[in-house]
1. Scan region 4-24 for residues that are exposed (fewer than 11 other Cβ atoms within 10 Å of the Cβ) and over 21 Å from LEU132 (Cα atoms) and jot them down.
2. Could you identify the single residue in GLY156, GLY140, GLY98, GLY144 that is of a type outside the set (A, V, I, L, M), out of contact with any Pro (no Cβ under 9 Å at 6 or more places or on another chain) and either at pLDDT 95 or above or assigned to a strand (DSSP E or B) (or both)?
3. Out of the residues in region 37-73 meeting the condition of being among the hydroxyl-bearing types (Ser, Thr, Tyr) and farther than 11 Å from LEU92 by Cβ, tell me which one is most open to solvent (accessible area, probe 1.4 Å).
4. Residue pairs, Cβ under 9 Å, 6 or more apart or interchain, first in region 136-150 and open to solvent by 60 Å² or more (accessible area, probe 1.4 Å), second part of a loop (DSSP other than H, G, I, E, B). List them.
5. For the subset of region 106-125 comprising residues that are more than 14 Å from ARG22 (Cβ to Cβ) and assigned to a helix (DSSP H, G or I), which member is least open to solvent (accessible area, probe 1.4 Å)?
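The values are calculated or read from the model by the stated rules, or taken from the named source; none is laboratory data. All values derive from a computational prediction rather than experimental measurement. Here the Cβ is made from the backbone with ideal geometry for all residues, glycine too, and neighbour counts use every protein chain on show. To get the accessible areas, we keep the full protein, side chains included, count just its heavy atoms, and leave off ligands, DNA and RNA. Shrake-Rupley method; radii C 1.70, N 1.55, O 1.52, S 1.80 Å.
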Amino acid sequence: MPSIQPRPAFLLAQIGAHAARRFAERVAVLGVAPSDIGVLRMILTNPGRSQQSLAEELGVVPSRVVALLDALEGKGLVERRRNPADRRNYALHLTEEGARVMAAVWELGAAHEDELLAALDSEQRAQLTTLLEAVAVHQGLTAGVHPGYQGPPRGGG
């Protein structure tokens, strides 16, 4: 019979699921979901970007981005402005409320990380980050983009 010792892939999945659930609980008080935050972060780091560039970076069809942006616009967090260089395209920007929500997210995210990694000292945290980055690169994951966007759209998020 094989050993019952936890394997690294299982531990990553277990901790990842726990971390995702706890993060979603934390940011729910702001009226946003983790999927909202990912899109807001991408707009925050590249204001004025097009819907098309956002779809390409997320690795999804443009209609999926339209649905995500419609929801964020409905919450008053994102605005689409006509691109002055190409009136057929929209430039994406955070609203003042979107910027306020993201500032709160950074604070909640830091507290979340501190709680999650409380068992590690700063050197161990740095080592863990380096190791996980190496695994992500080797797996061909796009830096800073959660692969969950590429799944089927889910309601409410």
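1. ILE4
2. From the options GLY156, GLY140, GLY98, GLY144, the qualifying one is GLY98.
3. Among those residues, the one meeting the criterion is THR45.
4. Cβ pairs passing all conditions: VAL137/ALA143; THR142/GLY59; PRO147/GLY59; PRO147/LEU141; GLN150/GLY59; GLN150/VAL60.
5. ARG125
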